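Quick note: the coordinates plus some simple rules give every number you see, no bench work behind them. No experiment lies behind these values; they were computed from the predicted model shown. Here the Cβ positions follow ideal geometry from the backbone for every residue, glycine too, while neighbour counts run over all protein chains shown.
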């Protein structure tokens, strides 16, 4: 999350005549080397920053420089704050909102009382998720590998990766990075990662951006047809949209959709109890019937 820290450094420099690198490192909880990289990036962006070595030295913005207050309108700033507060919902802090509010005069107009969009990205596993996000943030910024145990439908494995991006997609958090074992880029779901620890430093690659399209991450491998009881219309609309079914003469809903995983189809059908009938594919009907017989034998009174 380098951009929010760089904006914060710029805000500090605009408010104070001169600061030191150790002061900024402590304030933003990063290393002095990271602060030096941020200062270099700000200079490349056209901010006239001056550094002085020795006693009495420090980092400052050249006299006479002012940030254009028309760069961000009040609506722009409000939208940014709403997005940053959504990140705060993950960690349980107000770090991002406080950072942006420092940049606006009259910030009291942008406090929660004036907002109309509330975004909460936290999950039931928030207490376990927040430390993972913080560890990965630090590893991405510092360029350190991450070791972890990963749980997937194919089994458990030990992985070593070079992390590049944190991703929130499909109501879950992921990390995109280069997997040393697979020698390729992979998207890992944070809730499936355990025993995480930062490892050695690495030279960053020219990493491509992840392809987050549904077709790429959830390839449509199995097309399903099912009849769903009308009282479950809300579930179909919520999960797949209002165009995923057609109302039949008897009121039932003919649902059509392509899934990427056969086992998830069976679980999904069973979640409707007697309110769903799987029509196609035929081989999954057979698997569902066999599963029903197994469950009957297991749970019938003996």
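Can you put 263, 142 in order, fewest other beta carbons within 10 Å first?
Details: 263 10, 142 14.
Sorted ascending by nearby Cβ count, the order is 263, 142.
Specify whether the C-alpha gyration tensor of segment 132-208 places it in the rounded, prolate or oblate class, a ≥ b ≥ c being the square roots of the eigenvalues: rounded for a/c under 1.5, otherwise prolate if a/b is larger than b/c and oblate if not. It comes out rounded by the Cα gyration axes.
Can you bin segment 158-302 into rounded, prolate or oblate? Criterion: square roots of the alpha carbon gyration tensor eigenvalues sorted a ≥ b ≥ c, rounded for a/c under 1.5, prolate for a/b above b/c, oblate for the rest. In terms of gyration-tensor shape, prolate.
Which shape class, rounded, prolate or oblate, goes with segment 2-61 when its Cα gyration tensor gives a ≥ b ≥ c as root eigenvalues, a/c under 1.5 marks rounded, and past that a/b bigger than b/c marks prolate? Walk me through the numbers before you get to the answer.
Values: a/c = 1.41, a/b = 1.13, b/c = 1.24.
Rounded is the answer for segment 2-61, as its axis ratio a/c remains below 1.5.
Relative contact order of segment 132-208, taken over Cα pairs closer than 8 Å and 6 or more residues apart, is 34 percent.
Can you give the relative contact order of segment 232-282 as a percent, counting alpha carbon pairs under 8 Å and 6+ residues apart? Numbers along the way, then the final one.
Working: 25 pairs, mean separation 10.1, N = 51.
Relative contact order for segment 232-282 comes out at 20 percent.
Ranked by the mean number of other Cβ atoms within 10 Å of their residues, highest first, the peptides 130-138, 239-247, 272-280 come out as 130-138, 272-280, 239-247. Potential lengthening of the chain between residue 18 and residue 266 amounts to 82.9 nm, from the contour at 0.36 nm per residue minus the alpha-carbon distance.
How much length, in nm to one decimal, is gained on full extension between residue 204 and residue 157, taken as 0.36 nm per residue of separation minus their Cα-Cα distance?
On the way: separation 47, 0.36 × 47 = 16.92 nm, distance 2.40 nm.
Taking 0.36 nm per residue and subtracting the Cα distance, the gain is 14.5 nm.
The peptide list 18-26, 230-238, put in order of mean Cβ contacts within 10 Å with the highest first, becomes 18-26, 230-238. Distance between the pseudo-spin-label points of residue 213 and residue 165 (7 Å out from Cα toward the beta carbon): 1.5 nm.
Tell me, what is the FRET efficiency for residue 246 and residue 279 to the nearest 0.05, using R0 = 22 angstrom and their Cβ-Cβ distance as r? Working shown, then result.
Values: r = 13 Å, r/R0 = 0.58.
That pair, residue 246 with residue 279, gives E of 0.95.
Compared with the direct C-alpha span, the chain from residue 7 to residue 181 gains 59.0 nm at full extension, assuming 0.36 nm per residue.
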